[in-house]
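The values are calculated or read from the model by the stated rules, or taken from the named source; none is laboratory data. Not measured: the values here are computed from a predicted model. FYI the Cβ positions are ideal-geometry reconstructions off the backbone, even for glycines, and counts take in every protein chain you see. What goes into the accessible areas is simple: the full protein's heavy atoms, side chains included, and nothing from ligands, DNA or RNA. Shrake-Rupley method; radii C 1.70, N 1.55, O 1.52, S 1.80 Å.
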Amino acid sequence: MRFDVFTLFPGIFESPLKESMLKRAIESGLLEVQLHNIRDYAEGRHQVTDDYPYGGGGGMVMKPEPVFAAVEGVLGTGDRGLGIGDQDAGQSAISNRQSTIPIVLLTPQGRLFNQQIALELAQYDRVALICGRYEGFDERIREHLATDEISIGDYVLTGGELAALVVVDAVIRLKPGVLGDPTGASDDSHASGLLEYPHYTRPPEFRGWRAPEILLSGDHAKVDRWRREQALLRTWRRRPELLDRAELSELDRAFLRQLAHE
Ligand code: ADE
């Protein structure tokens, strides 16, 4: 899978892509990250990429020309459906155009990133990520270039770069072969709609704290049921709203009724 990242600070991506799983995914050819410096596409001697907001107010705004030039220079204009681009009506509030390569703007105003969106993006072979800086983007980038907008949480970062790294990491680990353990991503917190059950490893006792005996018992059916109940308990305590959308068996529901009763 290939990510084209448009940024004013490509250096931010260097070390995260040179460590651990992302490094291995790149080495094995499962991941390719092409960094494109938006400044290289800015005109004039000073290659200016931001400007004062029309109407006044504080902060600077990312200019449209270098961002359009960078994205169109790399992706071309043909297969992104540009030109039919302004048929906004009837499309979702965020994705206003069709594209074979999603062009994702990282912004605190985007749809809130989650495992479902990671799975959605993992269906593509190629995704473009545009990282904002300054106070924001000229609105025409949002309206006429991006096909999606993603926020990684309800807080404001200094730019979209760290958010883009979060997206790359969460998406690429879903691709077969990226994780060492082929079942790795299926038990994750959120993969099943629940938080993950607790894990223990050796030693069986550490500073007087014992690992649950059931995990040492070798009874796989009991271990599976214990894990399921722990996942339900943890989700019920920490993120009860997730239970509304999780896939639950009759046994799960009975366990939750018992919890509520207690
Ligand atoms: N840029 C600044 N804050 C952000 C956020 N929370 N998510 C994505 N991009 C951002």
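Helix 250-261 and the longest principal axis of the C-alpha atoms of the chain enclose an angle of approximately 80°.
Ordering THR183, THR158, THR49 by how much accessible area each has at a 1.4 Å probe, largest first, what is the list? Mind dumping the intermediate values first?
Values: THR183 75, THR158 110, THR49 5 Å².
The most accessible residue leads, giving THR158, THR183, THR49.
At 20 °C and 1.002 mPa s, what whole-number value in µm²/s does Stokes-Einstein give for the translational diffusion of the stretch 161-209, with Rh from the Kirkwood sum over Cα pairs? For these conditions, the coefficient is 162 µm²/s. Relative to the current alpha-carbon distance between ALA254 and GLN123, full extension at 0.36 nm per residue lengthens the span by 43.6 nm. Of MET62, MET1, MET21, the order by accessible heavy-atom surface (1.4 Å probe, DNA, RNA and ligands excluded), from most exposed downward, is MET21, MET1, MET62.
How fast does the chain diffuse by Stokes-Einstein, in µm²/s, taking the Kirkwood radius from C-alpha pairs at 25 °C and 0.890 mPa s?
Details: Rh = 21.2 Å.
Value of D from the Cα-based Kirkwood radius: 116 µm²/s.
A straight line joining the Cα centroids of the stretch 34-52 and the stretch 194-250 runs 51 Å. The length gained by stretching the chain between GLN230 and ARG140 to full extension, at 0.36 nm per residue less their Cα-Cα distance, is 27.6 nm. In this simple spin-label model, placing a label point 7 Å from the Cα along the Cα-to-Cβ direction at both GLN109 and ARG238 gives a separation of 3.3 nm. In this simple spin-label model, placing a label point 7 Å from the Cα along the Cα-to-Cβ direction at both GLU205 and HIS261 gives a separation of 3.5 nm. Annotation: the stretch 189-261 has a Kirkwood hydrodynamic radius of 13.3 angstrom, from the mean reciprocal C-alpha pair distance. Consider a paramagnetic label point 7 Å from the Cα of MET60 along Cα→Cβ; state which residues of the stretch 120-152 have an amide N under 12 Å from it. Of the residues in the stretch 120-152, 133-136 have backbone N under 12 Å from the label point off MET60. Per the 1.4 Å probe, what fraction of the accessible area of the stretch 2-172, in percent, lies on carbon and sulfur atoms? The nonpolar share, carbon plus sulfur, comes to 50 percent.
The H on the amide N of SER151, modeled in the peptide plane, is under 5 Å from the matching H of THR107, GLY110, ARG111, LEU112, PHE113, each at least 5 residues off or on a different chain.
Just order 234-243, 113-122 by mean Cβ neighbour count inside 10 Å, highest at the front, would you?
The peptides rank, most packed first, as 113-122, 234-243.
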